[in-house]
Amino acid sequence: MISSVLQNIIFGILTIGICFAVGIFKGKIRGLKWILVSVLLLWIAWLLNVLFEFGFLSVSFLLFGLGLGIYGLTLLSKERRKDGASSINSIDSAINSIIKKTGAKGAVIFLKGVDKSLKINFGKFGEGCLMSTTLIKLSDGTPCYVTFYGDKPFAEFKQGDFETEFAFLKLYLENLNLSQKIDLIKEDAIKLKNSIYEYIHLLSHELKRPLTSIIGFAEILKDEFKNLSEKDIIDFIGNIKKSSDEMLTTLRYLTEIVEIEMGKVELKLEKVNLLEIVNDVVSYFMGEIRRKSLNVIIDSSENFEIEVDKKKFREIVYQLISNAVKFSHEGTSIEIELVKSGDNFEFIVRDKGIGIRPEDIPKVFKPFPKIKTHSSGSGLGLALVKCLVELHGGKITVSSEYGVGSEFKVTLPLKGNHISLKKEEIEKHEVI
């Protein structure tokens, strides 16, 4: 009898305790509710067995109570895992959770980003030996590596044991990668906007002179047409034509530069004979070459083909030879050298002209450079050459001695290599 009373008291206390627990959690833990019902059913089954000894009914309550108890414990276990998962709410908590479970001392994340590679350290990074490196591949194929350090060399961990942590890590790295892309686009947009504003400002300044000349000669022709001789009229019309051509050339060059910088220019690659293009351009300037008594020397180790955009490459050759002819002293030589070097070739133009001052060399490839020794022209030609060379995947350099002459060297791959100026190459990042 005393035993029965104690058992009832225990059941009562247990039931009341579970009721209080359910009340404290405000009914959010469903597992406790079913455990409470299970305890009550087991209590009833015991009472039926003691008081009435009705086996079938008491056994039914007993089995039903046990079933609900197991169901409640299962729910409680799931809710516990869910609560554990919800605690992973930051990159630090995800990494620290893995560190705690594996016994590692520190970790590092390598992200091969769009703009720059990132390295994020956690804990005692680098202390001990390499334990494990896990690859996380983002949706765009970007590889990320999570490396753990500790006392267990080359320990093997199943990524499935850290499903929640790695899922959060991937989400975090996806956001970080996307953020880099957005920042890069914003940065490029700001640079392009500033560049366009600068070009518009410079263009308005550069077009004033030829436009003023056109307006001035046109007004003279309008007001003094009857008083001008036929020769004067022809001269004025010729000056108007010259100024108009200068404006059109400036606008064409600037338009091409802006389109290249915006990534809107595509190369039409084809195999061309380099020597033929050079000879064709030289023949175009033959009148000026003869007038200045210049000696043009073309040195080519062999007659080879290159893969370029023929029209755009001819523009490169045209601009460099044009400058050499324009700034060479009368009676001097212009050397044009074509050199094949491995997978690349070099196109070199040397003149013995006025040269460039050392302080002006950094300006020569910028639009509208202010160079005292080169008072005529807008300077857009060399800026366009630089854009076209880089669009082909090459580079251009200049060396000059003031009063002695200049050398321009273009290096391009023999096979076409179209590179958009807006797509920077991602640096390779080696993971230990």
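The values are calculated or read from the model by the stated rules, or taken from the named source; none is laboratory data. Because the structure is a prediction, the values reported are computed rather than measured. Cβ: placed from backbone, ideal geometry, glycine included. Neighbour counts: every protein chain shown. These accessible areas exclude ligands, DNA and RNA; they are computed on the full protein's heavy atoms, side chains included. Shrake-Rupley method; radii C 1.70, N 1.55, O 1.52, S 1.80 Å.
Scan region 134-157 for residues that are out of contact with any Gly (no Cβ under 8 Å at 6 or more places or on another chain) and either in a helix (DSSP H, G or I) or closer than 15 Å to I95 by Cα (or both) and the total you get is 8. The residue pairs whose first member lies in region 348-363 and is in contact (Cβ under 8 Å) with a residue 24 or more places away in the chain, whose second member is part of a helix (DSSP H, G or I), and whose beta carbons are closer than 6 Å, counting only pairs six or more residues apart or on different chains, are V349/L320; V349/A324; D351/A324; G353/F327; I354/F327.
Inspect all residues belonging to region 260-273 and state whether any of them is under 41 Å from the mean Cα position of the chain (by Cα) and among the polar types (S, T, N, Q). The answer is yes, given that some residue of region 260-273 is under 41 Å from the mean Cα position of the chain (by Cα) and among the polar types (S, T, N, Q).
Give me the residue from region 176-233 that is of a type in the set (F, W, Y) and at pLDDT below 75 and, out of that set, surrounded by the most Cβ atoms within 10 Å (Cβ to Cβ).
Y199
Tally time: how many residues in region 81-119 are at pLDDT below 75 and open to solvent by less than 50 Å² (accessible area, probe 1.4 Å)?
The initial filter retains those residues of region 81-119 that are at pLDDT below 75, namely 81-91, 112-119.
Then keep just the ones that are open to solvent by less than 50 Å² (accessible area, probe 1.4 Å); that gives 84-85, 88, 90-91, 113-114, 117-118.
So the answer is 9.
Tallying residues that are of a type in the set (D, E) and in a helix (DSSP H, G or I) within region 380-406 yields 1.
Residues that are at pLDDT 60 or above and open to solvent by 80 Å² or more (accessible area, probe 1.4 Å) within region 405-432 comprise just one, K415. There is at least one residue in region 249-267 that is in contact (Cβ under 8 Å) with a residue 12 or more places away in the chain and touching a strand residue (DSSP E or B) at 6+ places or on another chain (Cβ under 8 Å).
Between S301, S322, S293, which is within 21 Å of E346 (Cα to Cα) and open to solvent by 70 Å² or more (accessible area, probe 1.4 Å)? Before the answer, list the steps.
Numbers: S322 fails: open to solvent by 70 Å² or more (accessible area, probe 1.4 Å); S293 fails: within 21 Å of E346 (Cα to Cα).
The unique qualifying residue is S301.
Could you list all residues from region 304-318 that are open to solvent by less than 30 Å² (accessible area, probe 1.4 Å) and either among the basic types (K, R) or within 15 Å of K340 (Cβ to Cβ) (or both)? Listed by number, the residues that qualify are F304, I306, V308.
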